[in-house]
Amino acid sequence: FKMTTVEEMEAATNRLLETGAKVGADAWQFRVKNQTPHCKFGEQGVCCRICAMGPCRITPKAPRGICGCDAHGIVGRNFLKFTAGGAATHSDHGREICHTLYCAAEDGNYKVKDPEKLLRIAKEWGVETEGKDIYDLAHEMAEIGLMEYGKPFGYQRFLDRMPEGQKEKLIENEIAPRAIDREVSTSLHMAHMGCSSLPEALVKQSLRAGMADGWGGSMMGTEFSDVLFGTPKPIDTEANLGVMVAENVNIVVHGHDPSLSEMICEYADSPEMIAYAKEMGAKGITVSGVCCTSNEVAMRRGIPMAGNFLQQENVVLTGACEAIVVDVQCIFPALGPLSKCFHTKFVTTSPIAQMPDSEFIRFNAETAGENAKAIVKMAIENFKNRKPELVHIPDMKAKATVGYSVEAIVKTLDGVTNSQVDETGTTKPLLECITSGVIRGAVAMVGCNNPKIRPDYAHIELMKKLIANDIVVIASGCSAQAAAKAGLMDKSAKDICGAGLKRVCELADIPPVLHMGSCVDISRMMILAAELAKDSGLQINQLPVVGCAPEWMSEKAVSIGNYVVGTGIDTFLGVDPYVSGSSEMCELLTEGTRKWTGAAYTVETDIEKLTDLMIERIEEKRTALGI
Ligand code: NFS
Ligand code: SF4
């Protein structure tokens, strides 16, 4: 088994930057230099500009802002606002999916591809399904889902998926999320000038806003995406820039909402469009992806992944990208000016993410088919504008098997343990692997790249060490793409696992790093943890399971961190969330939250140490359980 190393990936990037230099293109590698060193106050989280008496910055000589707020209050408010930004973003994505579900029709652009899942969720929510047309039910469920955003009373419906007693404990500690929009609004209200400056209150609300994301907006995004586009099943694909094909029209989908990327894939694969591409001198059409929308279509269609977050400029630098089509989130505004250096069309589609130097083709659920067709056509017609002397696609890609939804994991592991466990359709076989020690535990690897960490290096090194120690890795987002590019989602990666995990990989025919999807799909990980807890009669915080985001950068990542901790899973970060300026906030986040959820954060920028700390925590949990 041969992995692709970070050094090889960096060499490929450097070669692309040479092309960039020829055409005068900018790149993040240069902008980072211009922005370094970063503002110290910002880094520590002690800069406040929420009112016009400021901005105020805390120093030993000026320990309070003009209103008298101290560093703890300022850091706390900043942390809460950061979380609220992330919760709003994930949840608004979930809301869009609810709207798409509402537009689904037998003869429309969007269909119900997994009716069973819809029925299952309807039963969970106490909705009558008997004798109902599946599309009527879809519309009813979409409306109920949308009400979760603004209902005046009660908590998020999906909290009932937690093990017994956990929801009650969350309610008692005022961490159980009410309406999703309410938690975002309340967060902004609390962080307004002259509201909360008590760190404990700010951290609690950060957890609650995060929980509104993880057990509300994100979970709805995931579940209803499955209903619309199908629940992922294991499927083979490939990852890294080498998936782009020089002879073909290359369309790169980037962003997060599968409503767009699904439709683009659908049309790019149509005989009509393929014939048109041939007419225009290409051999065919290749759709590949960047960031989470790539994960979505990889999981459901096997569409190859061109790369993750910090590779988004690289796809344009290949000179072979006819169109980079984006919806929302994690899109560099740099793509506008960069695409102008090449023939590439930078197509924005969402009123929520509009950028200079882009072609805006507004995408609507109602007109999705037409919109997608127009975009694919535009890409095809752009093929002839390529500058052949600029085309260079790095010959670099790795095989990957992706598509491990909770349903797929349960199904794959059914019967693997050839044991007394005869309850199929539960997590018991996986539990048995864990209790017997064949697998020591699981790590949920998530999140972005960040130039503060050598890109992909932390993800890959961490995963290598974890699987060598018989710890199974479930991955999502840009972390999953790092793994796929390196080859860790190739089934033959079992060869670098410990003996126990290797055995399980062989028996179940799975790779040691399981692709669980995009970042909203971290809700899948929460469901899996809840199922494991229920099937073992434990609380989630007792399981030998931890979460890790070693290279995170976005507000969404902090919201995720808060719901992972809120759910009872210890979370390990490789980048500090701008809290070092307050000892009280540091204490609360790394220890204080334990009294409410049984979990807390660990921040460690030394990746080697971070890994050891995770392994240690997993072993501690095992010891506490006597396994
Ligand atoms: Ni997650 Fe996805 Fe990637 Fe980070 Fe951005 S794509 S939602 S935020 S950068 S993992
Ligand atoms: Fe300064 Fe207080 Fe205004 Fe913040 S809220 S800018 S600390 S005066």
Could you tell me whether the stretch 48-66 includes any residue that is modelled with pLDDT of 95 or more, farther than 24 Å from L207 by Cα, within 16 Å of ligand 1 (Cβ to nearest atom) and surrounded by fewer than 19 Cβ atoms within 10 Å (Cβ to Cβ)? no
If you check E366 against the conditions, is it surrounded by fewer than 21 Cβ atoms within 10 Å (Cβ to Cβ) and in contact (Cβ under 8 Å) with a residue 40 or more places away in the chain? yes
Quick one: in the stretch 365-393, which of the residues that are part of a loop (DSSP other than H, G, I, E, B) and touching an Asp or Glu at 6+ places or on another chain (Cβ under 9 Å) is modelled with the lowest pLDDT? A365
May I ask you to say which residue of A71, A87 is surrounded by 19 or more Cβ atoms within 10 Å (Cβ to Cβ), within 16 Å of ligand 1 (Cβ to nearest atom), closer than 18 Å to S196 by Cβ and not charged (D, E, K, R)? A87
Failed item in (1) assigned to a helix (DSSP H, G or I); (2) buried (at least 24 other Cβ atoms within 10 Å of the Cβ); (3) not aliphatic (A, V, I, L, M), with E266 passing the rest: (2)
Across the stretch 298-309, what is the total count of residues that are more than 17 Å from E266 (Cα to Cα) and surrounded by fewer than 24 Cβ atoms within 10 Å (Cβ to Cβ)? 0
Just to be sure before I move on: is M585 within 16 Å of ligand 2 (Cβ to nearest atom), among the aliphatic types (A, V, I, L, M) and buried (at least 22 other Cβ atoms within 10 Å of the Cβ) in the structure I sent? yes
Here are some residues: R95, R77. Which one is modelled with pLDDT of 95 or more, more than 16 Å from ligand 1 (Cβ to nearest atom) and either touching a Lys or Arg at 6+ places or on another chain (Cβ under 7 Å) or not in a loop (DSSP other than H, G, I, E, B) (or both)? R77
Go through the stretch 63-76 and report how many residues are within 9 Å of ligand 2 (Cβ to nearest atom) and among the hydrophobic types (A, V, I, L, M, F, W, C). 4
Residue satisfying condition, being touching a helix residue (DSSP H, G or I) at 6+ places or on another chain (Cβ under 9 Å), buried (at least 23 other Cβ atoms within 10 Å of the Cβ), touching a residue at least 24 places away in the same chain (Cβ under 8 Å) and closer than 30 Å to T424 by Cβ, within set A533, A624: A533
Taking only the stretch 443-476 into account, find how many residues are of a type outside the set (V, I, T), away from ligand 1 (no atom under 14 Å from the Cβ) and either within 12 Å of L488 (Cβ to Cβ) or free of Cβ contacts under 8 Å to residues at least 40 places away in the same chain (or both). 8
Being more than 14 Å from ligand 2 (Cβ to nearest atom), in a helix (DSSP H, G or I) and either of a type outside the set (A, V, I, L, M, F, W, C) or crowded, with 21+ Cβ neighbours inside 10 Å (or both) is the requirement here; does R15 meet it? yes
Any idea which of (1) exposed (fewer than 15 other Cβ atoms within 10 Å of the Cβ); (2) over 22 Å from the mean Cα position of the chain (by Cα) is the one Q354 doesn't satisfy? (2)
Those residues of the stretch 432-442 which are touching a strand residue (DSSP E or B) at 6+ places or on another chain (Cβ under 9 Å) and either hydrophobic (A, V, I, L, M, F, W, C) or free of Cβ contacts under 8 Å to residues at least 60 places away in the same chain (or both), in sequence order: C433, I434, I439, A442
Looking across the stretch 47-62 at residues that are hydrophobic (A, V, I, L, M, F, W, C) and not in a strand (DSSP E or B), the single one that is farthest from ligand 2 (Cβ to nearest atom) is A62
Looking at the stretch 552-563, I want the residues that are of a type in the set (D, E) and have a partner that is within 16 Å of ligand 2 (Cβ to nearest atom) and part of a helix (DSSP H, G or I) with Cβ atoms under 7 Å, at least 6 apart or on another chain. Which pairs are those? E555/F82
Taking the stated definitions as given, is S206 surrounded by fewer than 17 Cβ atoms within 10 Å (Cβ to Cβ), at pLDDT 95 or above, more than 16 Å from ligand 1 (Cβ to nearest atom) and under 20 Å from R77 (Cα atoms)? no
Answer yes or no as to whether G24 is away from ligand 2 (no atom under 15 Å from the Cβ) and either at pLDDT 95 or above or under 21 Å from E587 (Cβ atoms) (or both). yes
One residue from V558, V546, V579, V575 being closer than 26 Å to C330 by Cβ, assigned to a helix (DSSP H, G or I) and away from ligand 2 (no atom under 16 Å from the Cβ): V558
Determine if the stretch 507-519 includes at least one residue that is surrounded by fewer than 21 Cβ atoms within 10 Å (Cβ to Cβ), out of contact with any Ser or Thr (no Cβ under 7 Å at 6 or more places or on another chain) and not β-branched (V, I, T). yes
Given (1) aromatic (F, W, Y); (2) surrounded by fewer than 24 Cβ atoms within 10 Å (Cβ to Cβ); (3) within 16 Å of ligand 1 (Cβ to nearest atom), where does W552 come up short, assuming only one miss? (2)
So which residues in the stretch 280-310 are in contact with a Pro (Cβ under 8 Å, 6 or more places away or on another chain), outside any strand (DSSP E or B) and more than 16 Å from V520 (Cα to Cα), if there are any at all? L310
Checking the structure you have, find out if any residue of the stretch 318-331 is within 11 Å of ligand 1 (Cβ to nearest atom), in contact with an Asp or Glu (Cβ under 9 Å, 6 or more places away or on another chain) and either assigned to a helix (DSSP H, G or I) or closer than 22 Å to A365 by Cα (or both). yes
What's the number of the only condition in (1) surrounded by fewer than 21 Cβ atoms within 10 Å (Cβ to Cβ); (2) within 16 Å of ligand 2 (Cβ to nearest atom) that K113 fails to meet? (2)
Restricting attention to the stretch 565-587, and to residues there that are in contact with a helix residue (DSSP H, G or I) (Cβ under 7 Å, 6 or more places away or on another chain) and within 16 Å of ligand 1 (Cβ to nearest atom), which single residue is nearest to A600 (Cα to Cα)? T571
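Residue-by-condition table, conditions (1) modelled with pLDDT of 95 or more; (2) among the polar types (S, T, N, Q); (3) more than 20 Å from the chain's Cα centre (by Cα):
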position	(1), (2), (3)
Q539	yes, yes, yes
M553	yes, no, no
Y578	yes, no, yes
M585	yes, no, yes
L588	yes, no, yes
K609	yes, no, yes
D612	yes, no, yes
E619	yes, no, yes
R622	yes, no, yes
Looking for something under 19 Å from the mean Cα position of the chain (by Cα) and among the basic types (K, R) - is there at least one such residue anywhere in the stretch 471-488? yes
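The values are calculated or read from the model by the stated rules, or taken from the named source; none is laboratory data. Keep in mind that this is a model prediction, so the values were computed, not measured. As a convention, Cβ positions derive from the backbone with ideal geometry for all residues, glycine included, and neighbour counts pool all protein chains shown.
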